[in-house]
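Comments concern the structure below.
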Amino acid sequence: MENERVIDHSRRKQRVRLVLILVAVLIFVVVLAVVLGVTAIAKHSSFKDVVIKKCQTYLKENSNMARENDCDIIWKAFEQAYVGRDPCDVPPEAYDPLINSVKQDVVCNTMLFWSKTKNTVKAFTDDRDCLDILEETLLGFLFDELTWCSKNESKETFTTDCPSWSHCPNNPVRSFWIRASVNFAATACGNVSAMLNGSLEAPFSSTRTNRTACDNPSLHSLQNTLPTKIAYNCREVPYSKVEGCISDPEIPCSDCL
């Protein structure tokens, strides 16, 4: 009889331990799920917050555009382009609503395109009003240096584990810049400049959005692809001269390019 009590007591202790272990595991799973959920929301919110804040900053510094542009409307148009879609199946035209949601007038004779010279171009234009690049427009400023994507049937925005630029042609970031570049080019008027890297063997390619020396065959190809009504002129500018203009913003743009 005494042995039965001992065995029964031992079994109850085992059941208690088992219940406690199960409760502990359940709590762990619930806590983990909550933490992961909060983290996912935080990542999405932080990316949205970054974009909205950049938008508000830009409109504050360019108050003449504030009435025609709404940061929340711009965000919603941007988000609908890629959220819930395969990150390799976001074509450039998916950003058409975003392009249409941004209102910005262009100034003729100030547009500068670039290829393989981003850092130099940005340094050159930072303290100058005579030339504008895509990254200095509202649309380009919002998403410059950012990475984003979503997944099939997801409602979230991710900033990690997204396709790289060359991983697939229709990834969200690449498609955005292709569409934004086309729009930037479509609004160009007057004299348009392009800064290319003269150290490349062939700085112009018909397969690129933007096209070493002026006698390079690739630049002759560029000239031949232009409509006859568009005048073409190429000048070779030493990098040292561009560096001098970067360090001294008082030098007129016409003396730099």
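Give me the pairs, please: first residue somewhere in segment 80-102 and over 22 Å from residue 55 (Cβ atoms), second residue anywhere and among the hydroxyl-bearing types (Ser, Thr, Tyr) and surrounded by fewer than 19 Cβ atoms within 10 Å (Cβ to Cβ), beta-carbon distance under 9 Å, and either six or more positions apart or on two chains. Final answer for the pair search is 84/154; 85/154. If I filter segment 232-252 for residues that are assigned to a loop (DSSP other than H, G, I, E, B), under 17 Å from residue 110 (Cα atoms), modelled with pLDDT under 90 and β-branched (Val, Ile, Thr), do I get at least one hit? Scanning segment 232-252, I find no residue that is assigned to a loop (DSSP other than H, G, I, E, B), under 17 Å from residue 110 (Cα atoms), modelled with pLDDT under 90 and β-branched (Val, Ile, Thr), so the answer is no. Among residues of segment 126-155 that are farther than 28 Å from residue 110 by Cα, those with a Cβ under 7 angstrom from a residue that is of a type in the set (D, E, K, R) and assigned to a loop (DSSP other than H, G, I, E, B), sequence gap 6+ or separate chain, pair up as 150/85; 150/156; 152/85; 152/86.
I'd like to check something: does segment 172-184 contain any residue that is in a loop (DSSP other than H, G, I, E, B) and either loosely packed, with under 15 Cβ neighbours inside 10 Å or modelled with pLDDT of 80 or more (or both)? Break it down stepwise before answering.
The first filter runs over segment 172-184 and keeps only residues in a loop (DSSP other than H, G, I, E, B), leaving none.
The answer is no, given that none of the residues of segment 172-184 is in a loop (DSSP other than H, G, I, E, B) and either loosely packed, with under 15 Cβ neighbours inside 10 Å or modelled with pLDDT of 80 or more (or both).
Selection of segment 208-231 for residues being in a loop (DSSP other than H, G, I, E, B), under 30 Å from the mean Cα position of the chain (by Cα) and β-branched (Val, Ile, Thr) yields 209, 212.
The values are calculated or read from the model by the stated rules, or taken from the named source; none is laboratory data. What you see is a predicted model; the values in this text were computed from it and never measured. Positions of Cβ are backbone-derived with ideal geometry, glycine not excepted, and every protein chain shown enters the neighbour counts.
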